[in-house]
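No value in this document is a laboratory result; all are computed from the given coordinates. Bear in mind the structure is a predicted one, so any value in this text is a computation, not a measurement. When we count neighbours, we look across all protein chains shown, and the Cβ atoms used for this are built from the backbone with ideal geometry, even at glycine.
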Amino acid sequence: MQKNCISLRLTQLLLLVAPLVVQAQNAPKAVTPLAVTPQPRQLAYQQLETIAFIHYTVNAFTDKEWGDGTESPKIFNPSELDVKQWVKACKDGGLKQIILTAKHHDGFCLWPSKYTEHSIKNSPYKGGKGDIVKELSEACKEAGIKFGIYLSPWDRHEPAYGTSTYNDYYKNQLRELLTNYGEISEVWMDGAKGENAKNMEYDFEGYRAIIRELQPKAVIFSDAGPDVRWMGNEKGFAGETNWSLLDKSSIGIGQANSPGYKFLNTGQADGKDWLVGECDVSIRPGWFYHASEDSKVKSLEHLLDIYYKSVGRNAVLLLNLPPDRRGLIHENDVERLKEFRTVVTETFRTNLALNKSAKADHFRSKEYLAQNTTDGSSKTFWATEDGVSQAMITIPFGRATTFDRISLAEPIEFGQRVNTFTVEAFVDGKWEFVAKGTTIGYKRLLRIKPVTATQVRMTIGTAGTPLLISEIGIYKASAKDTGVDEFK
Ligand code: FUL
């Protein structure tokens with residue numbers, strides 16, 4: 001009798017538990033993020049893709065690239081300065097944030113800092129009542145674009161420079177800029193140093209603490225981050241391999257001989273820190289305006305090459321536009337930027353892979369199907385089973401389709417994983433090689449010769465499993481976008 005009772009209870013228990021077991025087996029097996037992932041502020045920053053630099057100071061009036069700090073504030077006298085013209089040019093050019101040189105190496109401040117006389121308050125601009133940081137921050141807010149500041153640590157004017165008192169001076173100015181001008185989205189700390197910098201020990205830790213305290217959402221740029229890193233050149237090119245991973249402790253700011261420096265351009269596959277790459281480059285040869293460079297604005301072809309080698313290689317493009325003596329961005333620069341954006345928009349307008357039924361030889365569960373790569377949403381992604389480090393995905397077009405641009409993306413909130421990929425196209429009944437590469441990250445763009453195919457397939461390998469891909473895009477470029485990458 002007692003035996004029967006026990007077995008009855010066991011059966012009841014099994015009946016209760018069984019559906020739960022089945023449910024657990026069917027439940028999507030959540031993907032575990034890798035050990036190093038981006039902070040939300042880094043993710044938001046990377047999504048901006050293209051942003052602007054504005055280099056403006058006394059240099060526009062002396063025709064120099066580096067002022068020596070002896071310039072009189074009286075020479076700073078733009079006759080038609082219009083920050084709305086700057087913002088419009090950037091916005092029309094698709095640039096989503098503007099970083100202003102509030103103070104460059106010459107020490108002249110574009111805002112009326114109470115810690116120095118070397119500023120706009122002693123210039124003829126608006127009778128000494130002007131504040132370009134204020135004007136620009138407000139214009140950016142009104143236009144719905146982000147605003148950042150460049151505050152040069154190297155200062156060739158401030159008498160305290162070279163002593164520890166200078167750190168207080170720099171911090172006081174940081175506090176002014178980070179409290180009086182609304183939201184600041186990026187703080188740019190230049191590593192450049194000249195002769196008078198030999199004895200200066202910057203308190204970078206202290207500077208960073210103030211930024212985190214006053215503008216916790218702002219990303220901090222320097223050679224070594226902590227959020228955004230320099231790419232090691234001013235050409236606007238990221239490495240063909242570009243990990244957002246690096247050991248920031250190995251990089252000395254402004255020290256080209258520090259051990260980690262050579263990895264700035266490529267990152268490190270096993271780096272312990274997440275550092276988004278930022279490619280800084282000027283639309284002209286110089287960072288500041290020189291009338292002699294009006295005819296040397298970068299060509300459309302050059303700007304497109306920069307775009308594919310920055311945004312297209314998992315980095316953010318920071319493009320500089322220097323206002324002239326009038327206080328306007330020169331017409332040639334405005335026109336070229338507009339032309340560049342029109343062509344990029346045209347190239348990526350129609351995704352030929354959208355809603356095509358992609359199939360893969362590996363997938364984790366029905367929540368992580370290959371079709372997630374062609375659904376037009378970066379929120380969903382294709383994932384393989386744990387332990388799988390190579391998989392193939394095939395996208396049928398349904399008919400012969402001509403394309404010459406490929407866009408790949410990983411869901412980087414789970415870390416950066418892909419370290420090799422090959423793309424093939426199905427042409428006249430056989431698979432042909434079209435492209436290959438190493439890293440993908442947030443975005444990887446490939447420029448190939450036009451190919452007409454009925455299907456495309458990719459073999460992708462990863463460093464950390466499972467393999468995750470969020471989006472695959474296939475495009476036919478604008479007739480003005482003709483570059484082709486080499487695949488060695
Ligand atoms: C460099 C500076 O020396 C240049 O003048 C410019 O500001 C560039 C963005 O960074 O280090």
Karplus ³J(HN,Hα) for the stretch 77-91 (6.51 cos²θ - 1.76 cosθ + 1.60, θ = phi - 60°; Hz, whole; x = Gly/Pro) runs 8, x, 7, 10, 3, 9, 5, 5, 5, 5, 5, 5, 4, 5, 5
Both in Å, the radius of gyration and Dmax of the C-alpha trace of the chain are 26.3, 106
Could you tell me how far the Cα centroid of the stretch 463-488 sits from the Cα centroid of the stretch 263-336, in Å? 21 Å
Just to confirm a number: summing +1 for Lys and Arg and -1 for Asp and Glu over residues other than Gln371 whose beta-carbon lies under 15 angstrom from that of Gln371, what do you get? +2
List, in order, the whole-Hz ³J(HN,Hα) value for each residue of the stretch 330-338 obtained from phi through the Karplus relation with A = 6.51, B = -1.76, C = 1.60 and θ = phi - 60°; use x for Gly and Pro. 4, 3, 4, 5, 4, 4, 5, 5, 4
Relative packing of peptides 348-355, 442-449 - highest average C-beta neighbours within 10 Å first: 442-449, 348-355
Rounded to the nearest 5, what % of the DSSP beta bridges within the chain are antiparallel ones? 60 percent
For the stretch 135-209, which trypsin sites (Lys or Arg not before Pro) are both in a DSSP coil and crowded by at most 14 other Cβ atoms within 10 Å? Lys198
Provide the net charge surrounding Asp361, with neighbours chosen by a C-beta distance below 15 Å and charges set as Lys +1, Arg +1, Asp -1, Glu -1. +1
What's the local net charge at Asp82, with K and R +1, D and E -1, over the other residues with C-beta under 10 Å away? +1
Spelling it out for Lys146: with amide H atoms placed in the peptide plane at 1.01 Å from N, the residues 5 or more places away or on another chain with amide H under 5 Å from its amide H are Gln97, Ile98
Under Karplus coefficients 6.51, -1.76 and 1.60, residue-wise ³J(HN,Hα) of the stretch 396-413 in Hz, glycine/proline x: x, 8, x, 7, 4, 9, 9, 8, 8, 9, 10, 10, 10, 8, 9, x, 5, 4
When you count, for each residue, the other Cβ atoms within 10 Å and take the mean per peptide, how do 475-483, 460-468 rank with the highest first? 460-468, 475-483
Each label point is 7 Å from the Cα along the Cα-to-Cβ direction; what then is the distance between the points at Ser357 and Gln39, in nm? 4.6 nm
Set the Förster distance to 45 Å, then compute FRET efficiency between Arg326 and Asp270 from the Cβ-Cβ distance, nearest 0.05. 0.35
Full-extension gain between Lys262 and Asp294, please, as 0.36 nm times their residue separation minus the C-alpha to C-alpha distance. 8.1 nm
Taking placed amide H atoms and a strict 5 Å upper bound, the residues 5 or more places from Ile251 or on another chain that come that close are Gly260
For a quick check: with amide H placed at 1.01 Å from N, whose amide H comes under 5 Å from Val427's, ignoring anything fewer than 5 positions away on the same chain? Glu432
